[in-house]
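Taking it in order: structure first as structure tokens, then the write-up.
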Amino acid sequence: MSLKGKDILSAFDFEREDLERLFKLADQLRTEISERGVLDYAKGKIMLTAFFEPSTRTKLSFQFAMEKLGGRVINFDVSTSSVLKGESDVDTMKILDGYDPDVIVIRQKIPFFPHRVKDIVKAPIINAGDGPNEHPTQALLDLYTIWRELGKIDGLKIGIMGDLKYGRTPSSLSYMLTRFNNVTIYYIAPEQIQIRDEILEKIEGKVKYVKVGRPEDVIEELDVLYVTRLQKERFSNPEEYERLKGAYKIDKEFLSKFKHIPIIMHPLPRVWELDPSVDELPQAKYFEQARNGMFARAALIKEVLGI
Ligand code: CP
């Protein structure tokens, strides 16, 4: 079934057949873009990017994807907007939708904000991250990267490490992995930042999972180690952040102790948890993962616009 005109709010909005179709379409667009540069699928279409929280990868990869599809991008810049005069984010979205964009990409610090505005705007909405809740298009490019690197997702053992409590990529990645067969997720984190129960409730019975305290206890079993950043901006207590800082860190010396090193992924940005010394290993895939985001998002825009 096509995703034409649909809001993309959660990783659960994708069925397995949607994902497999999008992965193939992303590969096809990669080839077409490398051969022809800018395509004309989205000629005459306008995408609005409305980011109320900072972003490099998500915003820019959506914008590049739309430009490469031949469409146009209008960017809403919150830092020079009337939000600073006290206008509400909801009113802002109503106003922007009134200018008739064909699709709106929203990032918000308020969880479920895209869900709140979906019925008051006409354009299809793509959730580009809503607080600690979800980041569905990150999960799309994460699985696209795994599919390209390992040729499959069924049967894989995937370690998700780091800030599983406040991060939005572990939740969306977990939800999307329920669409595949015989996958095992290893949640690797100290207890204070382990995966939230509300996330486990949503995946219960749909994917196997195990909680693990330390990466060294499981690393040799893994096909993928997905490292995430401690979400400093979501800690209300800075002392708790400082206590946890350094509780887990991956560097080349640590990885070289193991006979088998899984592919290493990270949604980025990284700070101290993934040392630049890892970059030289053939298993380091995070920069490629970020680039894959442009093709995965181009495929999604093409489908949502029905072009
Ligand atoms: N991975 C990710 O969402 O990065 P940005 O915050 O830079 O968009």
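The values are calculated or read from the model by the stated rules, or taken from the named source; none is laboratory data. Just so it is clear, the structure is predicted and the values come from calculations on it, not from any experiment. Here the Cβ positions follow ideal geometry from the backbone for every residue, glycine too, while neighbour counts run over all protein chains shown. The area values use the complete protein model at the heavy-atom level, side chains included, leaving out ligands, DNA and RNA. Shrake-Rupley method; radii C 1.70, N 1.55, O 1.52, S 1.80 Å.
Please identify the pairs in which a residue from region 170-188 that is within 16 Å of Glu134 (Cα to Cα) has its Cβ atom under 6 Å from the Cβ atom of a residue that is crowded, with 24+ Cβ neighbours inside 10 Å and small (Gly, Ala, Ser), counting only partners at least 6 apart or on another chain.
Ser172/Ala11; Ser172/Ala139; Leu173/Ala139; Tyr175/Ala11; Met176/Ala11; Met176/Ala139
Which of the residues belonging to region 275-304 are open to solvent by less than 20 Å² (accessible area, probe 1.4 Å) and touching an Asp or Glu at 6+ places or on another chain (Cβ under 8 Å)?
Result: Val278, Gln289, Phe295.
Which ones in region 144-195 are more than 15 Å from the chain's Cα centre (by Cα), open to solvent by 20 Å² or more (accessible area, probe 1.4 Å) and within 18 Å of Glu240 (Cβ to Cβ)?
The answer is Lys165, Pro190, Glu191, Gln192.
Within region 239-247, can one find any residue that is open to solvent by less than 10 Å² (accessible area, probe 1.4 Å) and in a loop (DSSP other than H, G, I, E, B)?
No.
Test of understanding: among Leu48, Leu84, which residue is surrounded by 15 or more Cβ atoms within 10 Å (Cβ to Cβ) and away from the ligand (no atom under 16 Å from the Cβ)?
Result: Leu48 is the single residue among Leu48, Leu84 that is surrounded by 15 or more Cβ atoms within 10 Å (Cβ to Cβ) and away from the ligand (no atom under 16 Å from the Cβ).
If you scan region 259-273, which residues turn out to be assigned to a loop (DSSP other than H, G, I, E, B) and either closer than 14 Å to Phe287 by Cα or among the charged types (D, E, K, R) (or both)?
Correct list: Lys259, His266, Pro267, Leu268, Pro269, Arg270, Glu273.
Exactly one of these conditions fails for Leu22: (1) touching a Pro at 6+ places or on another chain (Cβ under 6 Å); (2) in the same structural domain as Asp130 (by TED's automatic domain parsing). Give me its number.
Of the numbered conditions (1) touching a Pro at 6+ places or on another chain (Cβ under 6 Å); (2) in the same structural domain as Asp130 (by TED's automatic domain parsing), the odd one out for Leu22 is (1).
Would you confirm, using the coordinates I've provided, whether Glu253 is modelled with pLDDT of 95 or more and open to solvent by 60 Å² or more (accessible area, probe 1.4 Å)?
The answer is yes for Glu253.
Residue check: is Arg234 under 21 Å from Ser174 (Cβ atoms), open to solvent by 20 Å² or more (accessible area, probe 1.4 Å) and within 14 Å of the ligand (Cβ to nearest atom)?
yes
Give Ile104, Ile125, Ile120 a once-over and let me know the one that is in contact with an Asp or Glu (Cβ under 6 Å, 6 or more places away or on another chain), touching a residue at least 24 places away in the same chain (Cβ under 8 Å) and outside the structural domain of Phe180 (by TED's automatic domain parsing).
That would be Ile125, the only listed residue that is in contact with an Asp or Glu (Cβ under 6 Å, 6 or more places away or on another chain), touching a residue at least 24 places away in the same chain (Cβ under 8 Å) and outside the structural domain of Phe180 (by TED's automatic domain parsing).
Here is a yes/no grid of residues against (1) under 30 Å from Asp91 (Cβ atoms); (2) away from the ligand (no atom under 16 Å from the Cβ); (3) modelled with pLDDT of 95 or more; (4) not in a helix (DSSP H, G or I):
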residue: Pro111; (1), (2), (3), (4): yes, no, yes, yes
residue: Ile126; (1), (2), (3), (4): yes, no, yes, yes
residue: Pro132; (1), (2), (3), (4): yes, no, no, yes
residue: Trp147; (1), (2), (3), (4): no, yes, yes, no
residue: Gly159; (1), (2), (3), (4): no, yes, yes, yes
residue: Asp163; (1), (2), (3), (4): no, no, no, yes
residue: Phe180; (1), (2), (3), (4): no, yes, yes, yes
residue: Tyr186; (1), (2), (3), (4): no, yes, yes, yes
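Looking only at region 262-307, count how many residues are hydroxyl-bearing (Ser, Thr, Tyr) and at pLDDT below 95.
Here the count works out to 0.
Residues Phe76, Phe64: which one is within 16 Å of the ligand (Cβ to nearest atom), within 23 Å of His135 (Cβ to Cβ) and open to solvent by 50 Å² or more (accessible area, probe 1.4 Å)?
It is Phe64.
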